[in-house]
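Contents: one structure, followed by commentary.
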Amino acid sequence: MVFRFWAASPSRLKRILTITVFFFLSILVTIAGILTPLSAEDSKARSEELKELRESLKNMNVWDGSLSIFKNNFVICLVMFVPVAGPLFGFYALYNTGSVVAAETNMDPLLGIAAFLLLFIFPFAWLEFISYSTAFASSVWLTWSVIRRRRTSRELVRTGMFIAICAVMLLLGALIEAYLLAAFPQP
């Protein structure tokens, strides 16, 4: 029954469903990173890295901070578009993000999950995760196109379109995030 639904569905719906599935998988992988126990030294190292990143962003104006955040997120997103290896790298990056959240919340799993989910009250979290999910899905579609040896050039054009859309979303998300960091500095 599911296969009939999938076969009968228009391509656009299949793409939306695939992005949605990867969105939830991305959240689950990040939560898995939060739930993975860290040694005290790993936790301290990740907290120090995040502290250094915050300090460097503090010394920038909003535009420079936005560009710094954008470059980091866009490079990660671009790698996620690579067939086969992209999703593996992407899930590793999201898992690692979860471990940083765990370190910041003193390895308290419930506090870590709550802190992570609270990020979704801000638009930048939605924009980032939708971009990453789009990259994952595009990687799968491109891989499937190569395997089937059909319409690969068309899929490459779509991939380029999705890269451009993700770039715009990530830039907008970086602007929002940098503005919020400047407006509400952490002690």
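Could you tell me whether G86 is modelled with pLDDT of 90 or more, touching a Phe, Trp or Tyr at 6+ places or on another chain (Cβ under 8 Å) and more than 15 Å from T30 (Cβ to Cβ)?
Here the answer is yes, as G86 does meet what is asked.
Tell me which helices (runs of 4 or more DSSP H) are completely within the stretch 68-187 and hold 3 or more residues being crowded, with 17+ Cβ neighbours inside 10 Å and of a type outside the set (A, V, I, L, M), or say none if there are none.
Qualifying helices (runs of 4 or more DSSP H): 85-104, 123-148, 152-183.
Do any residues in the stretch 1-25 that are in a helix (DSSP H, G or I) have Cβ atoms under 9 Å from those of residues that are of a type in the set (S, T, N, Q) and modelled with pLDDT under 95, where the two are at least six apart or on different chains, and which pairs are they?
L17/S9
What number of residues within the stretch 26-60 are part of a loop (DSSP other than H, G, I, E, B), touching a residue at least 12 places away in the same chain (Cβ under 8 Å) and of a type in the set (S, T, N, Q)?
Number of matching residues: 1.
List the pairs whose first member sits in the stretch 62-87 and is more than 25 Å from T152 (Cβ to Cβ), whose second member is surrounded by fewer than 16 Cβ atoms within 10 Å (Cβ to Cβ), and whose Cβ atoms are under 7 Å apart, counting only residues at least 6 apart or on separate chains?
V62/Y179; V62/A182; G65/A182
Being modelled with pLDDT under 95 and of a type in the set (S, T, Y) is the filter here; which residues of the stretch 19-41 pass it?
Scanning the stretch 19-41 gives T36, S39.
Quick test of your reading of the structure: L57 fulfils all but one of (1) crowded, with 17+ Cβ neighbours inside 10 Å; (2) farther than 30 Å from V146 by Cα; (3) under 19 Å from the mean Cα position of the chain (by Cα). Name the failing condition by number.
Tallying (1) crowded, with 17+ Cβ neighbours inside 10 Å; (2) farther than 30 Å from V146 by Cα; (3) under 19 Å from the mean Cα position of the chain (by Cα), L57 fails exactly one: (3).
Can you name every residue in the stretch 144-175 that is of a type in the set (V, I, T) and more than 17 Å from I16 (Cα to Cα)?
V146, I147, T152, V157, V168
The values are calculated or read from the model by the stated rules, or taken from the named source; none is laboratory data. Bear in mind that the values here come from a model prediction, so they are computed numbers and not experimental data. A quick note on method: Cβ atoms are made from the backbone with ideal geometry, for glycine too, and the neighbour counts reach across all protein chains shown.
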